[in-house]
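> Attaching a single structure in structure tokens format; questions to follow.
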Amino acid sequence: MLHNEMVLKIEKRQLENGVTVIEISGRIALGRESRNIEPEVVGAIAAGASTIIMDLAGVSHVDSTGIGIMAYCFGKATQKGAELRIVGAKDNILELFRMTRLVNVIPFFPDLNSALQGNGRQG
């Protein structure tokens, strides 16, 4: 495994109509870097985002800590009246969310366009 795949990178960009995209790459796992995801989501909501799309296309691994972070972020968004959607999860990562049944709670979409339109939900 390359060192770059292990480093967690988070990039946030705003689209129109209150949509914020948070692109995550690397590993969402136990460790300091993963703690940076929650403040990005909370910050986007505080800045007025009504929809947050977490793009996991660059994520190579998620452990139980990562699953907990996604559930926490979804809960925070819902609590504040915002929507959280996840896009681009690779098959192995999507399967983890299926096993934990979180795909029944958090909307997963294959790509950004599907998530923006609300079509093609995965599960």
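> Quick one: in segment 1-26, of everything that is at pLDDT below 95 and outside any loop (DSSP other than H, G, I, E, B), which residue is surrounded by the fewest Cβ atoms within 10 Å (Cβ to Cβ)?
Selected residue: His3.
> Select from segment 93-113 the residues that are out of contact with any strand residue (DSSP E or B) (no Cβ under 7 Å at 6 or more places or on another chain) and touching a residue at least 24 places away in the same chain (Cβ under 8 Å) and write down the one among them that is farthest from Glu38 (Cα to Cα).
So, considering only residues that are out of contact with any strand residue (DSSP E or B) (no Cβ under 7 Å at 6 or more places or on another chain) and touching a residue at least 24 places away in the same chain (Cβ under 8 Å), the one farthest from Glu38 (Cα to Cα) is Arg98.
> Please work out which residue is nearest to Glu33 (Cα to Cα), limiting yourself to segment 47-70 and to residues that are polar (S, T, N, Q) and outside any helix (DSSP H, G or I).
Among residues in segment 47-70 that are polar (S, T, N, Q) and outside any helix (DSSP H, G or I), the one nearest to Glu33 (Cα to Cα) is Ser60.
> Now, a different point. Taking segment 52-75, which residues are within 20 Å of Val105 (Cβ to Cβ), hydroxyl-bearing (Ser, Thr, Tyr) and in contact (Cβ under 8 Å) with a residue 40 or more places away in the chain?
Within segment 52-75, none qualify.
> Would you call Ala47 over 13 Å from the mean Cα position of the chain (by Cα) and crowded, with 18+ Cβ neighbours inside 10 Å? Spell out the reasoning first.
On the way: over 13 Å from the mean Cα position of the chain (by Cα): yes; crowded, with 18+ Cβ neighbours inside 10 Å: no.
Answer is no for this residue.
> Return a yes/no flag: does segment 71-83 have any residue that is modelled with pLDDT of 95 or more, touching a helix residue (DSSP H, G or I) at 6+ places or on another chain (Cβ under 7 Å), part of a loop (DSSP other than H, G, I, E, B) and of a type outside the set (Val, Ile, Thr).
Yes; the residues of segment 71-83 include at least one that is modelled with pLDDT of 95 or more, touching a helix residue (DSSP H, G or I) at 6+ places or on another chain (Cβ under 7 Å), part of a loop (DSSP other than H, G, I, E, B) and of a type outside the set (Val, Ile, Thr).
> Do you know which residues across segment 30-44 are in a loop (DSSP other than H, G, I, E, B) and either within 13 Å of the chain's Cα centre (by Cα) or touching a residue at least 40 places away in the same chain (Cβ under 8 Å) (or both)?
Within segment 30-44, no residue meets the criteria.
The values are calculated or read from the model by the stated rules, or taken from the named source; none is laboratory data. Not measured: the values here are computed from a predicted model. For neighbour counting, all protein chains shown are included, and Cβ atoms are generated from backbone atoms with ideal geometry for every residue, glycine included.
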